[in-house]
1. When you go through 711, 707, 759, 721 one by one, which is the residue that is farther than 30 Å from residue 440 by Cα, at pLDDT 95 or above and touching a Pro at 6+ places or on another chain (Cβ under 8 Å)?
2. Right, residue 145: under 35 Å from the mean Cα position of the chain (by Cα) and over 24 Å from residue 631 (Cβ atoms) or not?
3. Residues of the range 217-261 being in a loop (DSSP other than H, G, I, E, B) and in contact with an Asp or Glu (Cβ under 6 Å, 6 or more places away or on another chain), which ones?
4. Hey, can you tell me all the residues within the range 94-114 that are of a type in the set (Asp, Glu) and part of a loop (DSSP other than H, G, I, E, B)?
5. Applying the selection to the range 139-171, what residues are in contact with a Gly (Cβ under 6 Å, 6 or more places away or on another chain) and of a type in the set (A, V, I, L, M)?
6. Any chance the range 273-295 includes a residue that's modelled with pLDDT of 90 or more and farther than 26 Å from residue 587 by Cα?
7. For the range 164-213, how many residues are surrounded by fewer than 16 Cβ atoms within 10 Å (Cβ to Cβ), over 27 Å from the mean Cα position of the chain (by Cα) and within 17 Å of residue 244 (Cβ to Cβ)?
8. Which members of the range 80-105 meet the condition of being without any contact (Cβ under 8 Å) to a residue 60 or more places away in the chain and within 20 Å of residue 627 (Cβ to Cβ)?
Amino acid sequence: MKVKKLKGNSQRLWKLKGKEGVALIFVIGIMLLLFIFASTLLFSFKLWEKSCYKTFAGKQAERFAEAGIENGIWELQHDKRDYDSLIDNWRKNFEGSDFDNNGDGIPDSRWIYIYGKDKEIIGRYSVLIEDESGKININVCGNLKNSFNEGFSTFEISILPDIIGEEISKNIVSFRYGKDGLPGRGGFDDNSNNDSLSKDKIDNDGDGKIDEPGEGIDEPYEFYVKKIYWDDRPYFIPEDIKLVNGIGKERYRKIKDFITTFSYDKNTTKEGKIRINLNKADFSQLYSFFKEKGYPEEQAIQISLNIIDYRDSDSIPQIKTVKGKLFIGIDKTPYLNEIDGIKEWEKFKLKSGGVLFTEKGGQFIEIFNPYPEEIDIGGWEIRGPTLLFSNLWGKIFQYSKQIYNDVINGETGIKNKDIIENIFITNVIKIPEGTKIPPFSYYTIGDTVKIGIIMIPNKTPLIIFLPIKDPPNASQYEPILGINKIFPDIIQSLNYFSKIPSSSRLFFCDKSGNIIEIADCPLDTPKTSIQKNDPRVFKWYISLPTPNMQNFIFSPWIGGFKNNNWPSSFKIKNGKFSSLGELSFIHKGRQWESIDFWKDGKDRKIIDYFTVEEDPYKPTYGRLNINTASETVLMCLPLVDKDIARRIIMARPYKDISEILGKYGNGYSEKELLNKEITKYGFDGKDNDFDGFSDCEKEKEMVFSKIINLITVRSNVFKIISTGQKVEDKNGNGKIEKEEILAEKKIVVFYDRDKGKIIYRKQM
């Protein structure tokens, strides 16, 4: 079929219509593009709006979290500084069960709501404040050797071995020591303390040996966060522990809430004063302190002297005269313990009609060593007793026998021989060189001469000297004529004896002439001796003689000791205090009474005022706050088991570290139950400290002594976790559901309250 061709106007009209169709399509295309562009733009605007709103909401959530941080800091700044505990406002004002701030799965914080101008809820925040002193400081805790605990330093606090095991605990310590695994440079005395640490009587490196030649080299103190030696590498933040071999994600999750790198304790009292260095304080400082704390003057003097003698390296007692009265410190020396200066007299009628009076037995002086080590007393002297001293011994006894025989034979014109009337007198007993007194033993000086007086009617009395050896178990014998210038009435009137130089005071001196003891002995009776109860107390009692044996008056039970454990109270270190617990060995100058912490607690008031830190002006890193530490952390302290840790927690809060001993009593208060638990090693019938004695006083304070340097009740650095949320209460029910949370921000800061600044910040 043929198509007709359009001609003329019809053809032009067709062409025009074709062009209009193209134009329409073009317009529609343009409009479609504009629509797509507009839609895209609108969608972008919507996304931008949502993004801006989300950003804005996030910023608001961040501001709310910041408000929580500021609130936490305000509470810390306005908290009392005498002690810190979990019942303080910085903790309890934020506590609740609304939100888990630290991610341990247990809700710990409450929400604090923020309202708009129309009182609608626009946001909220929750805060958790953690005390960093309630955690293990991984920079200073832990010891690779870990074989001995004196309670001297925080390296004796273990690093969570019950959670991660001993091996990984050691890995944590080794890591901070660098590639060589040793603090500082291996084999090198980095901090130049080898000389002092090798003679301070402290196990500074925790290897179970004291004052070995290398002590001070490769020991924990050569690692110091503030001054890094060699290849050591401290942990700067707790998360750094993830670098340690064996610390995976799961182990880190288990320990993250128990570790820190920020904790430190200032060596200050609850009043904010610097503590007294127990190893450096002089007599004046100690005496003033004890007087200020209410101790009687004489006791304050005696305690101060005894502290110095306990720690100094010699065995020469301190001597002070205060207001005309002499005080002598207690050092590791033997003591004059029993003196028998007056003997009974026997009367014998002579065939010649005369009468012979003689002493019944000999006099003696007993010395006692109550310490667990033998003591060398070679060359020591006792000055004061009256002795017969002559190089004519044979003639003296020969003439005495001749006089006696002449009287027996009836001769009446007898006179004292010149040699007897002019004998030489001395007042010094010298102990032979090389003499040593074994531990807990006696050294008795007996008598080799007794006086005889022959009374003949109407004649001048005749004096003779007869040989004896009494008491039979003495260690040394000397010709003792008299002690304390005390002679029986029968010879008081004889001019011969009135000329004898003697004294009422005995001086016990070492071989260099240093005074060890001065004895002002009271009168005894012919059938008794004078003796001490507690050999450290220079007070004498009259009782039955017990030469070379335990004194009849010996009564250690008045101080809580038994006959089988009293030696445990005798300790003089002649070296530095390693723990405040050693103050329990300081004698107070009364019978069997030393400084008491565990029982009556009369002396606890002094604990917070002393330290054994070398420089009290520097902080001590890593001490644990017993008011805030968890059971897991408390069990890292030496000797603290689960039972003790639980009792510590139940008896909170503690106002100062001395209260860790609880309260002695038979009741069931938390403090009394704590006392029973923390002193249990002194009541179990075992020799827990391996000194040969069970259930002694120092075992009752064994836990206390091991931890007292390692704990505190005051804190400086706190971790503040604040979570802020931007919310909208869409349904107006006053509650925020999950879908009404528009944004959430978390901020973590470590705040040093003492310095008043944030030392580390992290936003999540």
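1. Being farther than 30 Å from residue 440 by Cα, at pLDDT 95 or above and touching a Pro at 6+ places or on another chain (Cβ under 8 Å) holds for just one of 711, 707, 759, 721, which is 707.
2. So residue 145 passes the test.
3. Passing the criteria: 217, 219, 223, 229.
4. Result: 100, 104, 108.
5. Correct list: 140, 159, 168.
6. yes
7. Number of matching residues: 4.
8. Listed by number, the residues that qualify are 80, 88, 89, 91, 92, 93, 94, 95.
The values are calculated or read from the model by the stated rules, or taken from the named source; none is laboratory data. All of these numbers come straight from a predicted model, not from anything done at the bench. Heads up, the Cβs are rebuilt from the backbone with ideal geometry, glycines too, and the neighbour counts pull from every protein chain shown.
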